[in-house]
Ligand SMILES: [Zn+2]
């Protein structure tokens with residue numbers, strides 16, 4: 001799909017080592033990656049239809065993860081997006097079964113497939129890609145991905161998101177997330193115990209992944225809720241500097257020190273460009289006399305002073321910016337720092353006894 005990056009997580013490279021064990025493992029791995037990518041792309045496809053943008057898909061050794069620009073989704077949208085991935089896998093399973101039946105081919109059952117994948121596969125003389133083991137692998141990988149994601153109601157797995165979306169139809173988003181994370185913790189705990197007792201390393205990794213995923217979902221929902229009543233007008237700072245754009249970094253820096261500014265911006269016909277003191281710090285000191293402001297400035301959108309703190313936070317999460325410029329009637333009237341939003345959030349958490 002256009003506009004979605006696919007990246008391998010560093011730990012996934014461990015799996016790639018299997019390439020060197022045998023060509024059959026390499027093929028098996030390609031089947032797995034393709035299955036996971038198509039599963040995640042199905043989520044992305046529905047998300048895009050709902051106007052939610054997807055930045056990238058990361059392949060982890062235990063599956064994939066689509067990075068959705070975290071916007072608070074409507075429960076119905078979250079439901080549709082979450083079921084799309086497993087549904088895709090179930091469609092593939094059905095097609096494989098239909099094809100196998102039509103052609104009168106045999107298919108490995110669950111136990112013999114596992115046995116074959118662990119043992120036989122590297123020794124197989126018949127080219128693996130033409131074998132029934134290959135077709136069986138396509139079936140079982142899709143089946144596993146669908147069942148595990150859909151029927152384990154632990155957030156952030158798809159089943160957990162489906163569960164949360166049902167709760168969110170009746171309850172407040174934060175409350176729904178709180179219940180979903182509690183359920184998720186219990187499931188993860190049981191899964192972890194089972195994984196340890198059965199020496200299943202993949203399952204241990206999955207339970208740890210779910211545990212941290214659930215915590216970050218809860219943290220996000222809490223931040224969003226607490227900051228939702230806080231107007232950014234109360235957080236506006238005026239330590240910004242307007243520059244022309246062709247000043248050298250050295251000049252901009254001394255002006256910033258003079259005016260105690262942390263960010264500088266330049267407005268041209270092409271748009272608004274901004275750089276912070278940290279961006280300048282990234283440039284080697286020897287280049288400060290040569291490079292001009294516009295060499296390092298980034299184009300950015302300004303925000304309205306009428307936003308609430310959670311809306312500003314969402315914008316920061318989406319854009320990856322640590323500071324946003326606030327504009328009213330075509331005039332920059334201040335800037336908002338992520339640090340300040342975090343401080344407000346920490347204070348509100350204390351106030352609400354969290
Ligand atoms: Zn999924």
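Annotations for the structure displayed:
- Extension gain for the segment residue 56 to residue 100, taken as residue separation times 0.36 nm less the Cα-Cα distance, is 12.4 nm to one decimal.
- Estimated 222 nm signal from helices in the chain, with DSSP H stretches of n ≥ 4 weighted -39500 (n - 2.57), rounded to 500: -18500 deg cm²/dmol
- Distance from the C-alpha centroid of the range 277-340 to that of the range 201-235: 24 Å, rounded to the whole angstrom.
- Averaging the sequence gap over all C-alpha pairs within less than 8 Å and six or more residues apart, then dividing by the number of residues, gives the range 152-229 a relative contact order of 34 percent.
- Volume per residue that the Cα convex hull of the range 228-296 spans, once the total is divided by residue count, Å³: 104
- In degrees, nearest ten, helix 132-151 long axis to first principal axis of the chain (Cα): 50
- Cubic angstrom per residue, convex hull over Cα atoms of the chain: 189
- In degrees, nearest ten, helix 201-226 long axis to first principal axis of the chain (Cα): 30
- Cα-based equivalent ellipsoid, the range 208-354: semi-axes from gyration tensor eigenvalues, Å: 32, 18, 13
- Beta bridge orientation in the chain: antiparallel %, DSSP, nearest 5: 75
- Contour minus Cα-Cα distance for residue 215 and residue 350 (0.36 nm per residue): 46.8 nm
- For the range 226-354, the relative contact order works out to 30 percent when only alpha carbon pairs closer than 8 Å and six or more residues apart are counted.
- Computed FRET value (nearest 0.05) for residue 248 with residue 331, which takes r as the C-beta separation and R₀ as 25 Å: 0.40
- Relative contact order for the chain, counting Cα pairs under 8 Å that sit 6 or more residues apart, in percent: 12
- When the alpha carbon gyration tensor of the range 126-230 is reduced to an equivalent ellipsoid, the three semi-axes, largest first, read 34, 16, 11 Å.
- Applying 0.36 nm per residue to the separation of residue 110 and residue 182 and subtracting their alpha-carbon distance, the gain on full extension is 22.7 nm.
Here, each number is a calculation from the coordinates, and none is a lab measurement. Everything numeric in this text was worked out from a predicted model, so none of it was measured. So basically every Cβ, Gly included, is an ideal-geometry build from the backbone, and we count neighbours across all protein chains shown.
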